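Asks: Have a look at the structure that comes next, please.
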Amino acid sequence: MKLLGGAYSYSLIIKLVGDTVMWINHDSDMHTITSGLGPNNLNLGKQFDSGFLAQGQVFKHTFKAAGDFSYFCVPHPTMLRRVIVR
Ligand SMILES: [Cu+2]
């Protein structure tokens, strides 16, 4: 998945257990791929957290269990998206 112009390219990703999702930051701003619903969510980053990605940096996460995984960008929490794993 790409990050373009400060927004994630896809609002929803659907994958199978064992699949890997790859995010690439194509934006000049720093972004993160952080699991959870936002900065005040207790589950922040528990499932996965890319840390800050500069332009051109890649983050990959393999989903080993089925579920509904929300993620957001720490400096831009309105960038809130989901991965559904079946
Ligand atoms: Cu961001």
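The values are calculated or read from the model by the stated rules, or taken from the named source; none is laboratory data. Here the structure is a predicted model, which means the values were calculated and not measured. Just so you know, the surface numbers come from the protein's heavy atoms only, side chains and all, with ligands and any DNA or RNA stripped out. Shrake-Rupley method; radii C 1.70, N 1.55, O 1.52, S 1.80 Å.
Asks: Could you pull the accessible area for T78 with a 1.4 Å probe, rounded to 10 Å²?
Replies: Near enough 130 Å² of accessible area.
Asks: A follow-up question, please. Got a sec to turn the phi values of the range 33-44 into Karplus ³J(HN,Hα) couplings, 6.51 cos²θ - 1.76 cosθ + 1.60 with θ = phi - 60°, whole Hz, x for Gly and Pro?
Replies: 10, 10, 5, x, 9, x, x, 9, 6, 5, 8, 3
Asks: Moving on to the next point. Per residue, how much accessible area does the range 2-85 show when a 1.4 Å probe rolls over the protein heavy atoms, in square angstrom?
Replies: Numbers: 4640 Å² over 84 residues.
Per-residue accessible area for the range 2-85 comes out at 55 Å².
Asks: Next question, about the same structure. Any idea of H26's accessible area? Nearest 10 Å², probe 1.4 Å.
Replies: The accessible area of H26 comes to roughly 90 Å².
Asks: From the Cα gyration tensor of the range 1-78, with a ≥ b ≥ c the square roots of its eigenvalues, which class applies: rounded if a/c is under 1.5, or else prolate if a/b is larger than b/c, or else oblate? Don't skip to the end; give the middle numbers.
Replies: Details: a/c = 1.78, a/b = 1.24, b/c = 1.44.
Oblate, because a/c is 1.5 or more while a/b does not exceed b/c.
Asks: While we're looking at this one, here's another question. Considering only protein heavy atoms and a 1.4 Å probe, what is the carbon-and-sulfur percentage of the accessible area of the chain?
Replies: Details: 2570 of 4830 Å².
About 53 percent, which is the carbon plus sulfur part of the accessible surface.
Asks: Next up: Out of K46, K60, K15, any idea which swings most in a Gaussian network model of the chain, alpha carbons joined below 10 Å?
Replies: Highest fluctuation of the listed residues: K46.
Asks: Additional query: Could you grab the relative contact order for the chain? Cα pairs under 8 Å, six or more apart, rounded to a whole percent.
Replies: On the way: 211 pairs, mean separation 30.7, N = 86.
In percent, rounded to a whole number, it is 36.
Asks: Then there is this: Keeping every protein chain in place, order D49, D27 by accessible area at 1.4 Å, biggest value first, i.e. largest first.
Replies: Values: D49 75, D27 20 Å².
Descending accessible area places them as D49, D27.
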